[in-house]
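Bear in mind that the values in this text are calculations on the coordinates, not laboratory data. These figures come from a predicted structure and were not determined experimentally. All Cβ positions, glycine included, derive from the backbone under ideal geometry; neighbour counts span all protein chains shown.
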Amino acid sequence: MNRYEALLKLAAKSDRVGIAVTRIGLVVVLVWIGSLKAFRYEDEGIVAFVANSPLMSFFYRQPSGDYRHHMNREGELVPSNREWHERNGTYVFAYGLGTVIVALGVMIAMHPWLPRVSALGSFLVFVMSFVTLSFLVTTPECWVPALGSPEHGFPLLSGAGRLVVKDAIMAGAALVTMADAAKAYLQKSGTAIV
């Protein structure tokens with residue numbers, strides 16, 4: 001057996017470590033991103049996604065197009081914009097969303113003790129990822145705008161689009177951790193896995 005085959009054998013045995021690293025990564029990302037919803041700059045940053053989503057826009061009080069006139073850039077503070085976001089319900093919605101995202105991360109982290117809860121958390125993250133990916137269709141800010149350059153529109157992702165497209169990986173990771181947690185639960189309960 002040559003070195004290459006030895007490395008492949010080692011790689012073939014690393015699936016358990018890979019699943020654990022995937023689970024830890026999901027927990028870190030969910031808890032961190034969910035916790036950031038306690039900060040107004042983050043709450044304001046998701047307004048374009050929520051306002052344009054047919055699944056979520058009803059959470060806001062202002063007409064969907066109004067947000068474009070009231071956006072603060074990261075690190076910027078325009079008090080009148082903050083007042084608009086207060087009236088819009090931007091912060092209240094984001095606090096609720098952040099709580100849900102942190103809860104999902106905690107559910108996934110419970111794998112060693114409550115694998116069934118972990119499997120449910122992973123499933124919910126899988127579903128949430130598809131909602132997030134829908135923003136690629138509903139949110140114009142996901143694509144480079146036509147501001148004079150010939151490089152704009154589909155398939156050129158803007159910063160917002162690059163933020164959204166990573167949820168394709170989140171969906172896959174959640175599916176892997178869901179399957180692993182379901183197997184752990186079934187083994188723990190003595191149920192045969194067919």
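If a helix is a whole DSSP H run, which ones in the chain reach 15 Å or further along their own axis (Cα) and hold a mean Kyte-Doolittle hydropathy of at least 1.0? Span-like helices, by this rule, are 15-36, 90-109, 115-133. Simple rule: put +1 on each Lys or Arg Cβ and -1 on each Asp or Glu Cβ in the range 25-189, find the dipole, and look at I108, M56, P155; the Cα lying farthest toward the positive end is I108.
Only Cα pairs within less than 10 Å get springs; with that Gaussian network setup on the chain, which residue of V137, V31, V127 has the largest fluctuation? Answer for the Gaussian network model of the chain: V137.
Placing a label point 7 Å from the Cα of S35 along the Cα-to-Cβ line, the residues of the range 100-144 whose backbone N sits under 19 Å from it are 100-111. Take 12-24, 175-187, 42-54, 159-171 and order them by the average number of nearby Cβ atoms within 10 Å per residue, most first; the result is 42-54, 175-187, 159-171, 12-24.
Bridging of K9 to lysines at a Cα separation below 26 Å is possible for K183, once same-chain residues fewer than 8 apart are set aside. In whole percent, what relative contact order does the chain give with Cα contacts below 8 Å and a gap of six or more residues? The normalised contact order for the chain reaches 23 percent.
Look at the dipole of the chain built from charges on Cβ: of F135, W32, Y91, the Cα furthest out on the positive end belongs to W32. Remark: the range 25-189 carries a charge dipole of roughly 480 debye about the Cα centre, counting +1 on each Lys and Arg Cβ and -1 on each Asp and Glu Cβ.
With the gyration tensor restricted to C-alpha atoms of the chain, the semi-axes of the equivalent ellipsoid amount to 37, 22, 14 Å, longest first.
222 nm [θ] for the chain, helices only, -39500 (n - 2.57) per DSSP H run of 4+, per residue, to 500? Here the helix-only value at 222 nm equals -20500 deg cm²/dmol.
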